Structures are given as C-alpha cells and as structure tokens.
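Chemist: Here it is, the structure, as structure tokens.
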Amino acid sequence: MDTNNASERDLRERIRAGDEGAFDAVFRSHYPHLVRMAESVVRERALAEEIAQDVMLELWRRRESLVVEQTFRAYLIRSTRNRALNHVRHQRIVAREAAFAALDSPSSPSAEEEVLGVELERAIRDAIEGLSENCREVFQLSRQSGLKYAEIASTLEISIKTVEKRMGQALSELRERLAPWMPGARGESGRKTPV
C-alpha cells in the first residue's frame with residue numbers, strides 16, 4: 001500500500017472533519033509552491049500571495065464538500081493557476097473598458113482649443129507638403145510608415161548617409177516653419193504671438 005496515498009487520504013479526512021492541524025500542515029507544505037505558481041502568471045509577489053491565501057481559504061471553507069480526485073498539490077496548483085488566470089483576464093477587461101470609456105467620454109475641448117488643433121494640423125500638413133520631394137519622401141517613410149533608416153535606404157535605393165542628411169534637412173525645415181507653434185512662441189493665453 002502506498003504510504004503517500006494513505007497520508008493524503010488521512011489528511012483529506014482530517015481536514016473534512018475540521019482538523020486545523022491537518023489544514024496547517026497542508027498550508028505550510030503547499031503555500032510556497034502556490035505563491036510561485038501565481039507569481040509566474042500575475043508577475044506581482046503581493047498579489048500572488050493573496051491569490052495563494054484565497055485558494056487555501058477556499059479549501060478550508062469548502063472542506064466538508066471538497067472532492068480532491070488527485071493529490072492536494074495537483075488540486076491546489078490547478079486552483080491557484082485558474083484563479084491567477086482569471087485575475088489577469090479580469091484586469092484586461094477592466095483596462096479595455098476604461099480605454100473605451102475614455103474614448104466615449106473625452107473631456108470636451110473648448111472651442112478655442114478645437115480651432116487651434118485644426119490650425120496646428122493644417123500648419124503641420126502644409127509644412128510637410130512644403131518640403132522638397134526628396135526630404136518629404138524620407139520624412140514620410142520614417143515618421144508615417146515607421147521604416148528604419150536602413151529600410152528607407154533600401155526602398156529608395158540610396159545610401160543610409162543620404163537618408164540621414166535628408167531627414168536632418170526635413171526636421172530642420174519643419175522646426176523653422178512650425179516655430180510659431182512651438183512652446184515659448186505663444187502668449188499666456190495659448191494663442192500664437194503675432195509675427
């Protein structure tokens with residue numbers, strides 16, 4: 001007869017009968033493993049400890065109706081893993097709902113801020129359109145398409161040095177053209193200072 005199975009059965013029966021000593025033995029034996037399991041999922045020690053404690057507390061609460069088909073270790077690890085995964089899923093749902101709520105009810109900008117936003121967008125678009133074709137092409141591939149300099153060089157069949165030079169020119173021209181919109185170029189009220 002397997003002594004491990006016998007001692008598992010004995011612990012189960014003692015816990016079912018309300019033996020706190022048996023529960024304490026199971027707690028001390030398995031709690032560190034449960035914390036490590038939960039931490040591997042939630043990536044936060046304090047939260048992992050809380051989850052492991054909740055699983056152990058649930059074991060004690062449900063002791064009379066508890067059905068452990070395998071070992072305590074397998075049962076507790078599975079319960080901890082499920083609880084940790086549920087926590088992560090719940091956090092994702094909460095974050096997604098918060099993001100949607102922020103999109104649905106943005107703080108409404110004042111009429112002046114809306115006008116300034118439209119004016120700034122137009123100024124940026126005009127400044128980009130005012131670049132030479134070579135500089136504009138490099139700038140758009142970098143900033144709007146997200147290509148790296150080496151990818152731009154390959155796409156346009158030019159050297160990386162040429163990409164760097166054109167990008168430098170583009171940024172310099174844009175800074176100059178958008179100077180009135182830069183911080184420090186505005187008065188106290190946020191309006192553009194007269195040129």
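The values are calculated or read from the model by the stated rules, or taken from the named source; none is laboratory data. Here the structure is a predicted model, which means the values were calculated and not measured. Here the Cβ is made from the backbone with ideal geometry for all residues, glycine too, and neighbour counts use every protein chain on show.
Chemist: Cβ-Cβ under 8 Å, sequence separation 6+ or interchain: first residue in the stretch 166-195 and modelled with pLDDT of 50 or more, partner of a type in the set (Phe, Trp, Tyr). Which pairs?
Modeler: Matching pairs, first to second residue: Arg166/Phe139; Met167/Phe139; Met167/Tyr149; Ala170/Phe139; Leu171/Phe139; Leu174/Phe139.
Chemist: Those residues that are out of contact with any helix residue (DSSP H, G or I) (no Cβ under 7 Å at 6 or more places or on another chain) and either among the charged types (D, E, K, R) or surrounded by 11 or more Cβ atoms within 10 Å (Cβ to Cβ) (or both), I need them from the stretch 1-11; list them, please. Talk me through it step by step, then tell me what you get.
Modeler: The initial filter retains those residues of the stretch 1-11 that are out of contact with any helix residue (DSSP H, G or I) (no Cβ under 7 Å at 6 or more places or on another chain), namely 1-7, 9-10.
Within the stretch 1-11, Asp2, Ser7, Arg9, Asp10 meet the criteria.
For every residue, the table says whether it meets (1) of a type outside the set (Phe, Trp, Tyr); (2) at pLDDT 85 or above; (3) surrounded by 10 or more Cβ atoms within 10 Å (Cβ to Cβ).
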{"position": "His90", "(1), (2), (3)": "yes, yes, yes"}
{"position": "Arg96", "(1), (2), (3)": "yes, no, yes"}
{"position": "Asp104", "(1), (2), (3)": "yes, no, no"}
{"position": "Ala111", "(1), (2), (3)": "yes, no, no"}
{"position": "Glu114", "(1), (2), (3)": "yes, no, yes"}
{"position": "Glu119", "(1), (2), (3)": "yes, no, yes"}
{"position": "Ile128", "(1), (2), (3)": "yes, yes, yes"}
{"position": "Glu133", "(1), (2), (3)": "yes, yes, no"}
{"position": "Glu137", "(1), (2), (3)": "yes, yes, yes"}
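Chemist: Additional query: Go through the stretch 141-175 residue by residue and tally those that are at positive phi and of a type outside the set (D, E, K, R). Spell out the reasoning first.
Modeler: If we filter the stretch 141-175 for residues that are at positive phi, which is where we start, we get 146, 157.
This time we only want the ones that are of a type outside the set (D, E, K, R), so: 146.
Of the residues in the stretch 141-175, 1 are at positive phi and of a type outside the set (D, E, K, R).
Chemist: Return the residues of the stretch 51-82 that are touching a residue at least 60 places away in the same chain (Cβ under 8 Å) and either in a helix (DSSP H, G or I) or among the basic types (Lys, Arg) (or both); say none if nothing qualifies.
Modeler: Residue satisfying the conditions is Phe72 alone.
Chemist: Then there's this: Tally up the residues in the stretch 137-166 that are closer than 21 Å to Ala179 by Cα and in contact with a helix residue (DSSP H, G or I) (Cβ under 6 Å, 6 or more places away or on another chain), please.
Modeler: Counting residues in the stretch 137-166 that are closer than 21 Å to Ala179 by Cα and in contact with a helix residue (DSSP H, G or I) (Cβ under 6 Å, 6 or more places away or on another chain) gives 2.
Chemist: Looking at Leu85, is it in contact (Cβ under 8 Å) with a residue 40 or more places away in the chain and farther than 19 Å from Ala6 by Cα? If you could, list the steps in order and put the result at the bottom.
Modeler: Values: in contact (Cβ under 8 Å) with a residue 40 or more places away in the chain: yes; farther than 19 Å from Ala6 by Cα: yes.
In short, yes.
Chemist: Taking the stretch 29-53, which residues are of a type in the set (Lys, Arg) and either farther than 19 Å from Tyr75 by Cβ or modelled with pLDDT of 95 or more (or both)?
Modeler: Arg43, Arg45
Chemist: Here are some residues: Arg36, Arg14, Arg28. Which one is of a type in the set (Lys, Arg), within 21 Å of Gln70 (Cβ to Cβ) and either within 26 Å of the chain's Cα centre (by Cα) or crowded, with 19+ Cβ neighbours inside 10 Å (or both)?
Modeler: Working: Arg14 fails: either within 26 Å of the chain's Cα centre (by Cα) or crowded, with 19+ Cβ neighbours inside 10 Å (or both); Arg28 fails: either within 26 Å of the chain's Cα centre (by Cα) or crowded, with 19+ Cβ neighbours inside 10 Å (or both).
Residue meeting the stated conditions: Arg36.
Chemist: Separate question: Tell me, yes or no, whether the stretch 144-159 has at least one residue that is outside any helix (DSSP H, G or I) and at pLDDT 90 or above. First the steps, then the outcome.
Modeler: From the stretch 144-159, those outside any helix (DSSP H, G or I) are 144-148, 157-159; that's our starting set.
Restricting the remaining residues to those that are at pLDDT 90 or above gives 158-159.
Yes.
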